[in-house]
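K.L.:
The following block contains the structure, expressed as structure tokens.
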Amino acid sequence: MSSVELAPPTRYRGAFRRLYLAEMRLVLRRRRNLILLGVLALVPVLIGVAVKVSDPGAGDGPQFLGRITGNGLFLVFTAITVSMPFFLPLVIGVIAGDSIAGEAGLGTLRYLLTVPVSRGRLLAMKTLAVASFTFIAVLVVALVGLLTGSILFGLHSLVLLSGDTVGLGSGLLRSLGVVVYVTIALFGLAAGGVFISTLTENAIAAMATTVSIAVFSALLDAVPQLSAIHPGLLTDHWLSFGELLRSSISWVDLARWTLLHLAYAAVFLSLAWSRMTTKDVTS
């Protein structure tokens, strides 16, 4: 334990909030993170342009893509679906893996521990910042998809996967539900990245390991012989937000999938707290 942990930290009102806002400013001003958000923003634009210039009657590609031409709102769902296997996990892995390891690698972690915030509260602040960036990343994909879809194809009443039609307002509300669900799903991975980030001072290694969690889970999910464990894998229900695009939503299934993601987050964050509160911080 470092010497700053020998005495209980003095509590100052608003210290956590100021630390969190400072962390968010740092995260959102970092050029690397802005570039990553820019890459995410390109995904719906490229998909929209590709669909616009292609022959809608060619019949190529998934049927889900064909719905974009009739309603730009489907570009939101398509862009999120395309981003989930690689782009979003990569961005989340970079941010989460860098959260603690980046500070340790730069030698600034021990100085952060001298402010009137305990190690547990510092971990909570870092986790909240990672969760906030996760939401922002998903929201960027959705908002750019919505804007691009409205310009190229227009926004209309939403024809659900079940064949029923709902108004545009309900469609936008369901889109927000998709963003929230995907954010929670990715937060399980982000929490794993925070835990790994407490184990090393090498931010690159923490980032790569975090992304590897998603890759390994997806590989296991692709093996039919392991179907018995598929429902418990981290990535198995990442694309289950399609349930929100049905007229009769199974809230029981949505709650079960959401709780699974939160369970992963709880386990990883418990391990991170145990490591953070006992590690010897020398840098």
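K.L.:
Run down Leu34, Leu26, Leu46 and say which single residue is over 27 Å from Val159 (Cβ atoms), open to solvent by 50 Å² or more (accessible area, probe 1.4 Å) and at pLDDT 90 or above. So that I can check it myself, show each step before the final result.
P.N.:
Numbers: Leu26 fails: at pLDDT 90 or above; Leu46 fails: over 27 Å from Val159 (Cβ atoms).
Result: Leu34 is the single residue among Leu34, Leu26, Leu46 that is over 27 Å from Val159 (Cβ atoms), open to solvent by 50 Å² or more (accessible area, probe 1.4 Å) and at pLDDT 90 or above.
K.L.:
Here is a list of conditions, (1) at pLDDT 95 or above; (2) surrounded by 15 or more Cβ atoms within 10 Å (Cβ to Cβ), and Val267 meets all of them except one; can you say which number that is?
P.N.:
(2)
K.L.:
Of the residues that sit in region 86-118 and are at pLDDT below 90 and part of a loop (DSSP other than H, G, I, E, B), which one is most open to solvent (accessible area, probe 1.4 Å)? Don't jump to the end; show me each part of the working.
P.N.:
Step one: list which residues in region 86-118 are at pLDDT below 90, which gives 99-118.
Now drop any that are not part of a loop (DSSP other than H, G, I, E, B), which leaves 107-108, 113-118.
Values: Gly107: 20, Thr108: 51, Leu113: 9, Thr114: 87, Val115: 48, Pro116: 43, Val117: 7, Ser118: 31 Å².
Here the residue is Thr114.
K.L.:
Can you pull out the residues in region 221-231 that are surrounded by fewer than 15 Cβ atoms within 10 Å (Cβ to Cβ) and under 25 Å from Val91 (Cβ atoms)?
P.N.:
Our first condition is that a residue be surrounded by fewer than 15 Cβ atoms within 10 Å (Cβ to Cβ); within region 221-231, this holds for 222-229, 231.
Ala222 - this is the single residue of region 221-231 that is surrounded by fewer than 15 Cβ atoms within 10 Å (Cβ to Cβ) and under 25 Å from Val91 (Cβ atoms).
K.L.:
Within region 232-254, which residues are open to solvent by 50 Å² or more (accessible area, probe 1.4 Å) and either in contact with a Pro (Cβ under 8 Å, 6 or more places away or on another chain) or over 26 Å from Gly97 (Cβ atoms) (or both)?
P.N.:
We begin by selecting, within region 232-254, every residue open to solvent by 50 Å² or more (accessible area, probe 1.4 Å); these are 239, 246-248, 251-252.
Across region 232-254, the qualifying residues are Arg246, Ser247, Ser248, Trp251, Val252.
K.L.:
Still on this model: For region 73-85, name all the residues that are surrounded by fewer than 23 Cβ atoms within 10 Å (Cβ to Cβ) and either aromatic (Phe, Trp, Tyr) or assigned to a loop (DSSP other than H, G, I, E, B) (or both).
P.N.:
The answer is Met84, Pro85.
K.L.:
If a residue must be touching a residue at least 60 places away in the same chain (Cβ under 8 Å) and closer than 24 Å to Pro85 by Cβ, how many such residues does region 232-256 contain? Don't jump to the end; show me each part of the working.
P.N.:
Pass one, region 232-256, residues touching a residue at least 60 places away in the same chain (Cβ under 8 Å): 238-239, 241-242, 244-248, 254.
So of that shortlist, the ones also closer than 24 Å to Pro85 by Cβ come out as 238-239, 241-242, 244-246, 254.
So the count comes out to 8.
K.L.:
Oh, and also: Can you confirm whether Leu186 is under 19 Å from the mean Cα position of the chain (by Cα), modelled with pLDDT of 95 or more and either assigned to a helix (DSSP H, G or I) or under 21 Å from Ser274 (Cβ atoms) (or both)? Even if it seems obvious, please write down each step before you answer.
P.N.:
On the way: under 19 Å from the mean Cα position of the chain (by Cα): yes; modelled with pLDDT of 95 or more: yes; either assigned to a helix (DSSP H, G or I) or under 21 Å from Ser274 (Cβ atoms) (or both): yes.
Yes, satisfied.
K.L.:
Considering only region 135-169, state which residues are surrounded by fewer than 20 Cβ atoms within 10 Å (Cβ to Cβ), under 11 Å from Phe74 (Cβ atoms) and modelled with pLDDT of 95 or more.
P.N.:
The one that is surrounded by fewer than 20 Cβ atoms within 10 Å (Cβ to Cβ), under 11 Å from Phe74 (Cβ atoms) and modelled with pLDDT of 95 or more: Leu146.
K.L.:
Of the residues that sit in region 197-210 and are among the hydrophobic types (A, V, I, L, M, F, W, C) and open to solvent by less than 30 Å² (accessible area, probe 1.4 Å), which one is farthest from the chain's Cα centre (by Cα)? Walk me through how you get there before you give the answer.
P.N.:
Within region 197-210, the subset among the hydrophobic types (A, V, I, L, M, F, W, C) is 199, 203-208.
So of that shortlist, the ones also open to solvent by less than 30 Å² (accessible area, probe 1.4 Å) come out as 203, 206-207.
Numbers: Ala203: 18, Ala206: 16, Met207: 14 Å.
Selected residue: Ala203.
K.L.:
Just checking, how many residues over region 64-84 are within 27 Å of Leu234 (Cβ to Cβ) and either acidic (Asp, Glu) or at pLDDT 90 or above (or both)?
P.N.:
Counting residues in region 64-84 that are within 27 Å of Leu234 (Cβ to Cβ) and either acidic (Asp, Glu) or at pLDDT 90 or above (or both) gives 11.
The values are calculated or read from the model by the stated rules, or taken from the named source; none is laboratory data. Since this is a predicted model, take the numbers as computed values, not measurements. Here Cβ is always computed from backbone atoms with ideal geometry, including for glycine, and neighbour counts include all displayed protein chains. SASA here: full protein model, heavy atoms, side chains in, ligands and nucleic acids out. Shrake-Rupley method; radii C 1.70, N 1.55, O 1.52, S 1.80 Å.
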